[in-house]
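**Q** If you scroll down you'll find the structure; I have some questions about it.
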Amino acid sequence: MTLSEEEKIKVTLPDGGEVVHPKGATGYDIAHAIAPGLAKAAIAIKVDGVAKDILAPILSDCSVEILTFDSHEGKQVLWHSSSHIMAQAVLDIFPNAKLAIGPAIEEGFYYDFDVEKPFAPEDLEKIEKRMGEIIKEKVTFKRIDISREEMLEKYKKDGAIYKTEIIEDDITDEIVTYYRHSNFEDLCRGPHIPSSSIIKAFKLTTSSGAYWRGDEKKKMLQRIYGVSFPKHSMLEDYLYRLEEAKKRDHRILGKQLELFHITNEVGAGLVLWMPKGAIIRNEIENYWREEHIKNGYELVFSPHIAHLDLWNRSGHTDFYADDMYQPIEIDEARYQIKPMNCPFHIAMYKSRRWSYRDLPMRWGELGTVYRYEKPGVLHGLMRVRGFTQDDAHHFVSPEGMETELIWLIKFCLHILDTFKFQDYEIFLSTRPEKAIGDPADWEKAENGLRHAMDTLKLNYSVDEGGGAFYGPKIDIKIKDALGRSWQCSTIQFDFSLPERFDMTYTDADGKMKRPFMIHRALLGSIERFFGVLIEHYAGRFPLWLAPVQAMVLALTDDQNEYAKAVCEKLKAVNIRAHLDIRSEKIGHKIRESELQKIPYMLIIGKKEIENDTVSVRLHGVGDKGSLKLAEVIDLLKTEIAEKKIESELK
């Protein structure tokens, strides 16, 4: 049958190709036309950048992208749908439970419930069993539009206090949506999977208490975490990684390896760096400084507090008050402990006049800041209240922006590569609905970010409207050895602070111009990055970072003097060597060194003294034979200098 022009829609695919479909075609129809296998894997569809249900009719020309579980957004849709199924299962077993929220998270989903008592392990087993029954029913998800007032009236009548609060506090649209599957309904924007049959494997992982809306002054709810997949093998892989993650937990390894300590006696979220942890941190920071100076940065320092007027002018007291500590009074004036370093760098910039010849300027600082994190979110080194940002600010002319961005992204990836983070996700966040600054400047900045990443042939996703109100940004999430993503580097434009502080430079035409300001963190915070490194390396730090690089072990007391001499020779060339000449069996000494994850063990026996050698043992590998001490020193010095991850002997 021939379609008229009015009955057709033109669909643009991600590769730029165009296809024609009947008006009202669904994402499933489009996916099936591309490839039947794609239709089978389809979870949802993006229409002009907005995720929608795969079975929603498409009525006008648009660009589309089929979402599968391989994409971040596809995972989020499947996991959010799974949270709805879990909520139904909980209500079926605990009919008096009240629903709060149930979002998808970075890896899986959760739902918060108001119940009489915490969930026990046997409760999770019952909920899992009921979820399995619901999934086998192949229930379908249906989107329903309803007026805000009607939905609000319904929730009030049902006593759904948390849903009522969400509508009253967060929703202003006249029409809201909810989703229905089986006999379960939930307020939700969607999208959702078309059928529960897509879920082939799932697991409820844990339960815990969680304050409503993260506010410790509000009621403690019970949160159940879970994860789901479209293949059984994916769940098996996940459970393996979950067990491996427990072994790599930086809080456990940090204590075992004596790297850091956090105690309520000092204060929650405040880190005490133990000697071994301080060595690693110092190596990271020394490398950071060397690379920055080598690449045209100038390093600065700023105080820990500043007059409250500075934070008023910067806007922090307006926009970040909840994350800041209370001001303190000094000499009848009010001062604020710093949550960020930016206003100090601007004050330095304002200390004199600058010319276009001075730009770009790159100022970096390892600046310690303090932010109030709620007790419930503090987590080892990953969420703390005092942390050191590897902060920098670039002051650039509009004309030099793109060149500077290309350079900056390359520098960022170079730093990450040194720690062997070579797998990452990149996101470009664009202008939100409420934004300050000239739209033309936004467009110029966004195009500059795009062009920089396109020039470097980087794959990235666009988070439409996800930028801060003061400028677009690039976020880089690194993936660790278990494939987990961690927010790390950020490159953030700022149109607000240059205006607030009246920052200027003299251009070639003699006129005063406003510079562009780029906030930039590469490692994010030293504390969080350190925690990620512990888990990425499973505590087995590469030689250049290891607090003890070589342990010298004597077989018997007869070899003590030779062992001491070996240790001193290593120390003389700046190799961090320790000596173990205790009257213990060699097997015990080796086990202790293995537990401390020391990269090299140099064992001294009678034969080694006779041959002027050492017996080399690698952590986690075993004996690698005897070598001359000079050979070992050269090997270690090269491995340290080149910042290798593994020994050549492995």
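The values are calculated or read from the model by the stated rules, or taken from the named source; none is laboratory data. A quick note: this is a predicted structure, and the numbers were derived from the prediction, not measured. As a convention, Cβ positions derive from the backbone with ideal geometry for all residues, glycine included, and neighbour counts pool all protein chains shown. The protein model used for the area step is the full one, side chains on, heavy atoms only, and it has no ligands, DNA or RNA in it. Shrake-Rupley method; radii C 1.70, N 1.55, O 1.52, S 1.80 Å.
**Q** Which is over 24 Å from E137 (Cβ atoms), in contact with a strand residue (DSSP E or B) (Cβ under 6 Å, 6 or more places away or on another chain) and of a type in the set (D, E, K, R), of K163, K217, K157?
**A** Within the list K163, K217, K157, the selection yields K163.
**Q** Given the options A481, A445, A435, A452, name the one that is crowded, with 18+ Cβ neighbours inside 10 Å and in a loop (DSSP other than H, G, I, E, B).
**A** A435
**Q** Of the conditions (1) free of Cβ contacts under 8 Å to residues at least 24 places away in the same chain; (2) open to solvent by less than 50 Å² (accessible area, probe 1.4 Å), E332 fails just one. Which one is it?
**A** (2)
**Q** Sticking with this structure for a sec: Taking T68, is it open to solvent by 70 Å² or more (accessible area, probe 1.4 Å), farther than 30 Å from L221 by Cα and polar (S, T, N, Q)? Show your work before the answer.
**A** Numbers: open to solvent by 70 Å² or more (accessible area, probe 1.4 Å): no; farther than 30 Å from L221 by Cα: yes; polar (S, T, N, Q): yes.
Here the answer is no, as T68 does not meet what is asked.
**Q** Name every residue in segment 485-531 that is part of a helix (DSSP H, G or I) and acidic (D, E), in order of residue number.
**A** Scanning segment 485-531 gives E499, E527.
**Q** Sticking with this structure for a sec: For segment 392-401, check the following and say yes or no: at least one residue is assigned to a helix (DSSP H, G or I), closer than 26 Å to L272 by Cα and touching a strand residue (DSSP E or B) at 6+ places or on another chain (Cβ under 6 Å).
**A** no
**Q** Here is a further query. Can we say T418 is touching a residue at least 24 places away in the same chain (Cβ under 8 Å), among the polar types (S, T, N, Q) and either open to solvent by 10 Å² or more (accessible area, probe 1.4 Å) or touching a Lys or Arg at 6+ places or on another chain (Cβ under 8 Å) (or both)? Talk me through it step by step, then tell me what you get.
**A** Working: touching a residue at least 24 places away in the same chain (Cβ under 8 Å): yes; among the polar types (S, T, N, Q): yes; either open to solvent by 10 Å² or more (accessible area, probe 1.4 Å) or touching a Lys or Arg at 6+ places or on another chain (Cβ under 8 Å) (or both): yes.
Spelling it out, T418 is indeed touching a residue at least 24 places away in the same chain (Cβ under 8 Å), among the polar types (S, T, N, Q) and either open to solvent by 10 Å² or more (accessible area, probe 1.4 Å) or touching a Lys or Arg at 6+ places or on another chain (Cβ under 8 Å) (or both).
**Q** A further question follows. Quick check on my filter: what residues within segment 290-318 are open to solvent by 80 Å² or more (accessible area, probe 1.4 Å), touching a residue at least 24 places away in the same chain (Cβ under 8 Å) and within 28 Å of the chain's Cα centre (by Cα)?
**A** E298, F301, H304
**Q** Now for a different question. Being free of Cβ contacts under 8 Å to residues at least 60 places away in the same chain, closer than 25 Å to K40 by Cα, open to solvent by 40 Å² or more (accessible area, probe 1.4 Å) and part of a helix (DSSP H, G or I) narrows it down to one residue among E133, E153, E149, E125; which is it?
**A** After applying the criteria, what remains is E133.
Yes/no per residue for (1) free of Cβ contacts under 8 Å to residues at least 40 places away in the same chain; (2) surrounded by 17 or more Cβ atoms within 10 Å (Cβ to Cβ); (3) among the hydrophobic types (A, V, I, L, M, F, W, C); (4) under 20 Å from M340 (Cα atoms):
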residue: Q487; (1), (2), (3), (4): yes, no, no, yes
residue: G510; (1), (2), (3), (4): yes, no, no, no
residue: H519; (1), (2), (3), (4): no, yes, no, yes
residue: L522; (1), (2), (3), (4): no, yes, yes, yes
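**Q** So which pairs qualify, if the first residue must be in segment 342-366 and of a type in the set (G, A, S), the second must be surrounded by 19 or more Cβ atoms within 10 Å (Cβ to Cβ), the Cβ gap must be under 7 Å, and the two must be at least 6 apart or on different chains?
**A** As it stands, the answer is S355/Y505; G364/H292; G364/Y297; G364/D391; G364/A392, since those pairs meet every condition given.
**Q** Check whether at least one residue in segment 241-261 is open to solvent by 80 Å² or more (accessible area, probe 1.4 Å), part of a loop (DSSP other than H, G, I, E, B) and of a type outside the set (F, W, Y), and report yes or no.
**A** yes
**Q** Another question about this same structure. So, in segment 368-387, how many residues would count as being aliphatic (A, V, I, L, M) and part of a loop (DSSP other than H, G, I, E, B)?
**A** Residues flagged as aliphatic (A, V, I, L, M) and part of a loop (DSSP other than H, G, I, E, B) within segment 368-387 amount to 4.
**Q** Let me ask something else. Residue by residue through segment 496-549, note down the ones that are touching a Cys at 6+ places or on another chain (Cβ under 9 Å) and on the phi > 0 side of the Ramachandran plot.
**A** G524
**Q** Have a look at I598, I603, I640 and point out the one that is assigned to a helix (DSSP H, G or I) and either open to solvent by 60 Å² or more (accessible area, probe 1.4 Å) or in contact (Cβ under 8 Å) with a residue 12 or more places away in the chain (or both).
**A** I640
**Q** Might you let me know whether segment 534-546 holds any residue that is in contact with a helix residue (DSSP H, G or I) (Cβ under 7 Å, 6 or more places away or on another chain), in contact (Cβ under 8 Å) with a residue 24 or more places away in the chain and farther than 29 Å from D475 by Cα?
**A** For segment 534-546, residues in contact with a helix residue (DSSP H, G or I) (Cβ under 7 Å, 6 or more places away or on another chain), in contact (Cβ under 8 Å) with a residue 24 or more places away in the chain and farther than 29 Å from D475 by Cα: present.
One line per residue, one yes/no per condition, for (1) buried (at least 18 other Cβ atoms within 10 Å of the Cβ); (2) closer than 26 Å to S81 by Cα; (3) modelled with pLDDT under 90:
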site	(1), (2), (3)
L3	no, no, yes
D15	no, no, yes
A25	yes, yes, no
A31	yes, yes, no
K40	no, yes, no
A44	yes, yes, no
L55	yes, yes, no
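**Q** Considering each of I526, I534, I491 in turn, give the residue that is under 30 Å from L259 (Cβ atoms), open to solvent by less than 10 Å² (accessible area, probe 1.4 Å) and out of contact with any Phe, Trp or Tyr (no Cβ under 9 Å at 6 or more places or on another chain).
**A** I491
**Q** If I ask for residues that are surrounded by fewer than 21 Cβ atoms within 10 Å (Cβ to Cβ), hydroxyl-bearing (S, T, Y) and within 26 Å of R180 (Cα to Cα), which ones from segment 207-237 would you list?
**A** Once the filter is applied, which keeps residues that are surrounded by fewer than 21 Cβ atoms within 10 Å (Cβ to Cβ), hydroxyl-bearing (S, T, Y) and within 26 Å of R180 (Cα to Cα), segment 207-237 yields S207, Y225.
**Q** Checking the structure you have, find out if any residue of segment 163-175 is open to solvent by 60 Å² or more (accessible area, probe 1.4 Å), within 30 Å of M234 (Cα to Cα), out of contact with any Cys (no Cβ under 7 Å at 6 or more places or on another chain) and outside any helix (DSSP H, G or I).
**A** No, every residue in segment 163-175 fails to be open to solvent by 60 Å² or more (accessible area, probe 1.4 Å), within 30 Å of M234 (Cα to Cα), out of contact with any Cys (no Cβ under 7 Å at 6 or more places or on another chain) and outside any helix (DSSP H, G or I).
**Q** While we're here: Mind checking which residues of segment 424-450 are more than 17 Å from F516 (Cα to Cα) and out of contact with any Pro (no Cβ under 8 Å at 6 or more places or on another chain)?
**A** Hits for segment 424-450 are Y424, E425, I426, F427, P432, E433, K434.
**Q** Looking at segment 566-586, which of its residues are more than 20 Å from F541 (Cα to Cα), free of Cβ contacts under 8 Å to residues at least 60 places away in the same chain and open to solvent by 30 Å² or more (accessible area, probe 1.4 Å)?
**A** Listed by number, the residues that qualify are E568, A572, I581, R582, S583, E584, K585, I586.
**Q** Follow-up question, since we're still on this one. Residues that are in contact with a Leu (Cβ under 9 Å, 6 or more places away or on another chain) and at pLDDT 95 or above: list the strands (runs of 3 or more DSSP E) wholly contained in segment 286-365 that include at least 1 such residues.
**A** Output list reads 333-337.
**Q** Filter segment 610-626 for residues that are of a type in the set (A, V, I, L, M, F, W, C) and surrounded by fewer than 18 Cβ atoms within 10 Å (Cβ to Cβ) and give the result.
**A** L618, V621
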